[in-house]
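Down below is the structure, laid out as structure tokens.
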Amino acid sequence: MRTCCLSLSFLLTTLAATSFADSIWIEGEAAQTKQVSRHGWYDGVKKDVLSGNEWLSHFDANREGLAAYEFEAATAGDYKFWVRANHVKSSLAYRLNGGPWQKIAMDQKLRGAMNIARDNKPDLRFIAWVSAGVVNLEAGRQRLEFRMDSGPQNHGAIDCFCLTTDRWVPSGTLKPSSKSRVAGPSDWFPVVLDEDPLAPESVIDIGYLIEAPAGQHGFLKADADRLRFEKARQPSKFWAINASPGDFTPEQMQRAARWYRKHGINLVRQHTVINAVGLLDRDGKFDSQRLDHYDRWFAALKEQGIYTTWSVIYPHHGPFLQKHDGYDPDLFAELDQSDKQHDGNRQAIVVNDFINLDRDLQDIALRYFERLLNHENPYTGLRYKDDPALAVLEFQNESNLFFHTLNSLRGGERPLFARKMRRAFFGFVKAKYQTEAATARAWNNRWDRDDKWDAGELGLMGAFHWGSDGPLHEFRGQKRRAGDYIEFLTKLQRDYYTRREREVRRIGFQAVTVTTAWKSGGPAASMANLVADDAGGMIDRHNYFGGGAGGHVITEGDVVTKTHLAEPGRGLLSLGLFQVGNKPFGVSEWSMLPPSPYKAEAAPLYAFYGMGLQGWDAVYHFNCNAPDMGDGWPSLRKYVTETPHYLGQFPALAFAVYNGHIKEGDVVASRELGKSDVFAGRDVLGQSLSGGSWDAKELTGRLTTSPATLAIGRVTIGFRRESRTTTSDLTPFHDEAAKSLRSTTNELLWRYGDRCVEVRSDRTQAVIGFTGGERVDLPGVKAKIRTPFVSLIFTPLDNEPLVDSRQILITAMARDKQTGTQFNADWSKLLTVGGPPLLLEPVEATLFLSGSAPTSVKPLDGYGIPTGESVSIASDGSFAIDGRYQTYYYEVKR
């Protein structure tokens, strides 16, 4: 296979040399004839990511854009037709050899979509490879025309297009090629994957561990601090993701579910449900097409043994309150003032937190639970409340009374809601202290500007007032008042959650409930927030780490290069400090965000320390947006699962989780708080957002616990009449000279001085961190690693001890970047974003397995299928993995 490319003149002058080609590549700017009008703003794009550093563009309200290309097809046949073009709100059509115009579906089957605006603004200036289907070419001269007629400016742009009979998959500017250059041991390699063939010979497919269909063992239940199906003897753990059906076809839904299962995913969180099915109309009905679309998705997941969590409402992403809901018109109007649309129909995003203090809003939201749970899914034949495949029901996403979104009430905004809150707080205080004089004594005779005892109103606080050591700003020194206010909010919040728990049980929901996964905006209220969340069946939290400039998307600028490995228990793992001792614990959103260079450490830490040592019950990575592996840094999003660092490591990690390779640790710190400490007006545990020392020996204070304790054993919280903390002697597990922390199970070693973790169980073993140039001796493998940073995991696929295993999967990850990406010397600045394909740094290591010598070591492709190559095995049984094999998977047999 050869490539015809670059320009029309090149094609015409080299016809003889390319007459046998079966791939044709043409630059958009090389049109033989064109009718286009360029526009300075529309052309303000990053041309370094374009093929040939240029494109053909059109932006003109007065006429449509046209371009024609002539080329030779050396071979007759059916050609796959791909166009790299501006796809956002774009209308692009083509015609071949004077035939009828054919519209290209610009919103389907996209690859490598990315924002290329020079100023990074999320407007029209995106680009993606778009499939235009298959065209039949006769041998000889061809004429291909494009028409750009997108309203209202007829905008459109073509970077390049390719017609091919080859198995080539488009990715950035990577062209079809007849030759693959010989890769060296240190050469970064591209990751370009098409639809997963889901072939039976895939070594990484662990779908057999997930029993299908879902629901065979009854409803999931909270059993003390475990999750257990009602008909099962053993508890279950869930390696999960957030994913939605988007615009998937029914076939794509089936493929996606099978693909998830292949990678070990057994639970999917739908966030949000109303974002998928739409709002209730005036007759209390959902949009029938959207509901049917979701029903298909739920059924497809269930068929593959994948359970579902519902995140029902999150008005930040899909407001549920509408004018026809019958809400108080004055309060509705006040909320509508904050609505960006200000259309008098929907409410502002702040209703997400006002729901926690307003019973009428809570009741309106309940209608969605009632309609959804009572709806019969035609593809399963069950009402959702009767379907055990619906495993977890979340009352609301990221919303509580303790966060910053209600700070505006203190500032005088939304006066009707503020007055309701001031009166409610007065009622709580009066019930507690009875009189103004008693209140004054309790509050040290300090009154707020908004306190009006005779009018039945008391001033409000905001989350920014609740400091770690006590109230801040104008309430400084008023711990008792702060404690009272936090107690008031806790009662409001917990009463709502307790009532919602009763209501969903009355409707008929039988599985596990979660209140919300959100945190307190101020440290002093963090334990009160946990008390409120304890009203549900499982404690849930969210956490993110890393990233850099650009907010939710990747742009040039600062990069967070911090690693977890120097500070045990911090970052993503810090949520373990909020695990309630008698409740299951989950993390329904988490990720270490790109372009942080060391994000390959995150998923292993959650599997080995979170799900393993700490005994967590469910973790859901956020967020899977596609039914296949993404291209480059997919769409330049920071929240993405379908990348090698996440989905690529999931088979090894889920295998270890489901087979119990990492034992749960002993409880080494049990903190039990009484009411006086929960409402002390300060953070008595000293762990706000996992603050505190990382040094395990510094367990100072009456109740405080170092985050580093999470590297040694389990840490729990409970609530009782009197506060107390029980802490084990941790000195045997802390080697100060070596700067390392050993787990109580002896299976995990966190060498914080070297910024490295060793997994030393009998079965799964691994090294994660900065090991370049040194030898790491694990119980079943010795590794001489030359790559500076790695996540290197050894999985015995026969579930035997690693030293005895006859089939071992090696998952080898290092850093990633896009083609053309440029960082400064220490990677703290992203200078150029680049574009697809993704490049992975190879893991260079010489490995020696204890036990029998390998009989074969085979590189696997990104689907887990043997490539046909073999790794040489030395006479002593050792072998080397590196960039020559262009892969992150190897299979060892012996």
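Laid out as a table, the results:
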{"read-out": "Calculated FRET efficiency for the pair residue 183/residue 806, C-beta based, R₀ 30 Å, to 0.05", "value": "0.50"}
{"read-out": "Cα centroid of region 105-148 to Cα centroid of region 768-790, whole Å", "value": "44"}
{"read-out": "Cα-based helix-to-principal-axis angle, 250-262 vs the chain, degrees rounded to 10", "value": "70"}
{"read-out": "Three-way shape call for region 175-283 based on the alpha-carbon gyration tensor, with the a/c threshold at 1.5", "value": "oblate"}
{"read-out": "Separation of alpha-carbon centers, region 847-878 and region 389-444, rounded to whole Å", "value": "62"}
{"read-out": "Cross-link pairs beyond the 26 Å C-alpha cut-off, checked among 237/599; 302/893; 231/302; 420/519", "value": "302/893"}
{"read-out": "Probe 1.4 Å - accessible area at residue 288, Å² to nearest ten", "value": "90"}
{"read-out": "Among 847-858, 810-821, the order from most to least packed when residues are scored by Cβ within 10 Å on average", "value": "810-821, 847-858"}
{"read-out": "Efficiency of FRET between residue 454 and residue 89 - r from beta-carbon atoms, R0 45 angstrom, step 0.05", "value": "0.15"}
{"read-out": "Region 53-103: radius of gyration over Cα atoms, expressed as a fraction of 2.2 N^0.38 Å", "value": "1.37"}
{"read-out": "Cα-based shape type of region 419-546, given that a ≥ b ≥ c are square roots of the gyration tensor eigenvalues and the cut on a/c is 1.5", "value": "oblate"}
{"read-out": "Karplus (6.51, -1.76, 1.60) ³J(HN,Hα), θ = phi - 60°, over region 559-572, in Hz, Gly and Pro reported as x", "value": "10, 7, 9, 5, 10, 5, 6, 8, 9, x, x, 8, x, 4"}
{"read-out": "Alpha-carbon Debye profile of region 441-506, log10 I(q)/I(0) at 0.22, 0.26 Å⁻¹", "value": "-0.94, -1.16"}
{"read-out": "Partner aspartates and glutamates for residue 829 [C-alpha distance under 19 Å; skip if fewer than 8 residues away on the same chain]", "value": "48, 119, 556, 558, 816, 841"}
{"read-out": "For region 789-855, alpha-carbon Rg relative to the globular expectation (2.2 N^0.38 Å, N residues)", "value": "1.58"}
{"read-out": "Mean Cβ count within 10 Å, highest first, over the residues of peptides 375-381, 215-221", "value": "215-221, 375-381"}
{"read-out": "Computed helical MRE - 222 nm, the chain, DSSP H runs ≥ 4 contributing -39500 (n - 2.57), nearest 500", "value": "-5000 deg cm²/dmol"}
{"read-out": "For region 112-267, convex hull of alpha carbons as volume per residue, Å³", "value": "278"}
{"read-out": "Table column - 3J(HN,Hα) (Hz), region 48-64, Karplus curve with 6.51, -1.76, 1.60, x for Gly and Pro", "value": "5, 9, 8, 5, x, 6, 7, 9, 9, 10, 9, 8, 7, 5, 8, 7, 7"}
{"read-out": "Descending Cα extents along the principal axes, region 356-468, whole Å", "value": "65, 28, 26"}
{"read-out": "Sparse-neighbour loop sites [trypsin sites (Lys or Arg not before Pro); region 68-124; at most 13 other C-beta within 10 Å; DSSP]", "value": "118"}
{"read-out": "Between region 180-258 and region 478-550, the alpha-carbon center distance in angstrom", "value": "30"}
{"read-out": "Cα gyration tensor category, rounded, prolate or oblate, for region 641-689 with a/c compared to 1.5", "value": "oblate"}
{"read-out": "Kirkwood hydrodynamic radius (C-alpha pairs) into Stokes-Einstein, region 483-525, 37 °C and 0.692 mPa s, D in µm²/s", "value": "274"}
{"read-out": "Label-point separation in nm, residue 473 to residue 43, each point 7 Å along Cα→Cβ", "value": "5.0"}
{"read-out": "Whole-Hz ³J(HN,Hα) from phi, Karplus 6.51 cos²θ - 1.76 cosθ + 1.60, for region 740-746, glycine and proline x", "value": "9, 10, 9, 6, 5, 8, 6"}
{"read-out": "Full-extension gain in nm, residue 499 to residue 562, via 0.36 nm per residue minus C-alpha separation", "value": "18.4 nm"}
{"read-out": "Kirkwood-based Rg to Rh ratio, region 35-173, C-alpha trace", "value": "0.96"}
{"read-out": "Residues whose placed amide H lies under 5 Å from that of residue 536, excluding near-sequence neighbours", "value": "515"}
{"read-out": "Charge dipole (debye, nearest 20) of region 782-852; +1 at Cβ of Lys and Arg, -1 at Cβ of Asp and Glu", "value": "240"}
{"read-out": "With all protein chains modelled, accessible area of residue 209 [1.4 Å, Å²]", "value": "60"}
{"read-out": "Value of relative contact order over region 65-152, rounded to a whole percent, pairs C-alpha under 8 Å and six or more apart", "value": "50"}
{"read-out": "Gain in span if fully extended, residue 850 to residue 893, counting 0.36 nm per residue against the direct Cα distance", "value": "14.2 nm"}
{"read-out": "Label-point separation, residue 216 to residue 66 (7 Å along Cα→Cβ), nm", "value": "6.3"}
{"read-out": "Sequence ranges 405-415, 300-310, ranked by mean other-Cβ count within 10 angstrom, highest first", "value": "300-310, 405-415"}
{"read-out": "Computed over the chain, Cα set: Rg, Dmax in Å", "value": "29.4, 101"}
{"read-out": "599, 121, reordered so the largest accessible area comes first (probe 1.4 Å)", "value": "121, 599"}
{"read-out": "Reachable aspartates and glutamates, given that their alpha-carbon falls under 16 Å from the alpha-carbon of residue 432 and they are not under 8 places away in the same chain", "value": "457, 484, 487"}
{"read-out": "For residue 377, residues with placed amide H under 5 Å, excluding near neighbours", "value": "382, 383, 384"}
{"read-out": "Candidate aspartates and glutamates - alpha carbon under 12 Å from residue 385, same-chain residues fewer than 8 apart omitted", "value": "370, 376"}
{"read-out": "Cut-off under 5 Å, modelled amide H: who pairs with residue 457 long-range", "value": "452"}
{"read-out": "For residue 553, solvent-accessible area (1.4 Å; no DNA, RNA or ligand), Å²", "value": "60"}
{"read-out": "Gain on full stretching of the segment that runs from residue 433 to residue 447 - 0.36 nm per residue minus C-alpha separation", "value": "3.5 nm"}
{"read-out": "Virtual spin-label span in nm between residue 774 and residue 376, 7 Å along Cα→Cβ", "value": "6.4"}
{"read-out": "DSSP beta bridges in the chain [antiparallel fraction, %, rounded to 5]", "value": "75"}
{"read-out": "Surface per residue (accessible, 1.4 Å probe) for region 201-321, Å²", "value": "38"}
{"read-out": "Around residue 305: net Lys/Arg minus Asp/Glu count, Cβ-Cβ under 13 Å", "value": "+2"}
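The values are calculated or read from the model by the stated rules, or taken from the named source; none is laboratory data. Note that the structure is a prediction, hence the values are computed from the model and not measured. Methodologically, a virtual Cβ is constructed for each residue, glycine included, from the backbone with ideal geometry; neighbour enumeration extends over all protein chains shown. We work out accessible area using only protein heavy atoms, side chains counted, and drop any ligands, DNA or RNA first. Shrake-Rupley method; radii C 1.70, N 1.55, O 1.52, S 1.80 Å.
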